[in-house]
Amino acid sequence: MFEGKSILELHNLLVTKKVTPFELTKEVIENLKKDQNNACEYICENEALEFAKSLVEPEEDNLLWGIPFAVKDNFSTKDIPTTGSSNILKGYVPVFDATAVKKLKDLKAVVVAKTTLDELAMGGTGTTGHLGMTYNPYDKSKTRLVGGSSCGSAALTAAGIVPFALGSDTGDSVRKPASYAGLVGFKPTWSRISRFGLFPFAPSLDTVAYFARNVSDIAIV
């Protein structure tokens, strides 16, 4: 029912109480479980539903209140497994949130999934993570890639499962999959958003970046 809707469309539904954050999050989790594009490292089912349940009174001036989003799995997420799509980090559960994640959570956006990437973000194809290739959701044959390294975040956004998703861009890791998947991929000026908690690939180049399906949603995030 809510698949493919923008942040603004979901916000209007939430503040008019046509849907609750819990109901919205529950549907998103169900869609994540049905995803056939190999886009998720971890679905935050219990964590997301518990947080969404605590969101009761809508915040009309907060456009991210109750909005579900996905996080590339090279961002540290407190009490949520974070692997960088690498067996090296299998079983690692951080004790803190990356700054970008914390700021979104402070605005009461809901983390619903950690997404696949090229292993430790070192690649541009979305094929080298420990779960294998992440597919382009527009290709039903499941043979074409969505690009990397922020492949999972791109795939979930393009599929309409989440309205936006965090990625990281060192060389083209958000911009390239955005072009392959018909998305808006935004790489702000380096250091404009704190990269604290983002696993370093090239610290002098790593940039917190993100996907959405339209420019208005990019501006909101």
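The values are calculated or read from the model by the stated rules, or taken from the named source; none is laboratory data. All values derive from a computational prediction rather than experimental measurement. Every residue, glycine as well, gets a Cβ built from its backbone with ideal geometry; the counts of neighbours run over all protein chains shown. To get the accessible areas, we keep the full protein, side chains included, count just its heavy atoms, and leave off ligands, DNA and RNA. Shrake-Rupley method; radii C 1.70, N 1.55, O 1.52, S 1.80 Å.
Descriptive notes on the structure:
- Residue that is under 18 Å from Ala121 (Cα atoms), modelled with pLDDT of 95 or more and not in a strand (DSSP E or B), where the choices are Ala52, Ala100, Ala70, Ala48: Ala100
- Filter pass, Val101 being open to solvent by less than 70 Å² (accessible area, probe 1.4 Å), among the aliphatic types (A, V, I, L, M), without any contact (Cβ under 8 Å) to a residue 24 or more places away in the chain and farther than 20 Å from Lys33 by Cα: no
- Residue match in region 88-103 (condition: over 20 Å from Glu47 (Cα atoms), within 12 Å of the chain's Cα centre (by Cα) and not aromatic (Phe, Trp, Tyr)): no
- Of the residues making up region 181-218, just one is open to solvent by 10 Å² or more (accessible area, probe 1.4 Å), in contact with a Leu (Cβ under 9 Å, 6 or more places away or on another chain) and part of a helix (DSSP H, G or I), namely Ser216.
- Search result, residues across region 104-126 that are over 15 Å from Phe51 (Cβ atoms) and open to solvent by 60 Å² or more (accessible area, probe 1.4 Å): Glu119, Met122
- Residues located in region 75-100, provided they are of a type in the set (Val, Ile, Thr) and in contact with a Gly (Cβ under 7 Å, 6 or more places away or on another chain): Thr99
- From Ala178, Ala165, residue being outside any loop (DSSP other than H, G, I, E, B), touching a residue at least 12 places away in the same chain (Cβ under 8 Å) and out of contact with any Lys or Arg (no Cβ under 8 Å at 6 or more places or on another chain): Ala178
- If only residues of region 1-23 that are of a type in the set (A, V, I, L, M, F, W, C) and free of Cβ contacts under 8 Å to residues at least 60 places away in the same chain are counted, the one that is most open to solvent (accessible area, probe 1.4 Å) is Met1.
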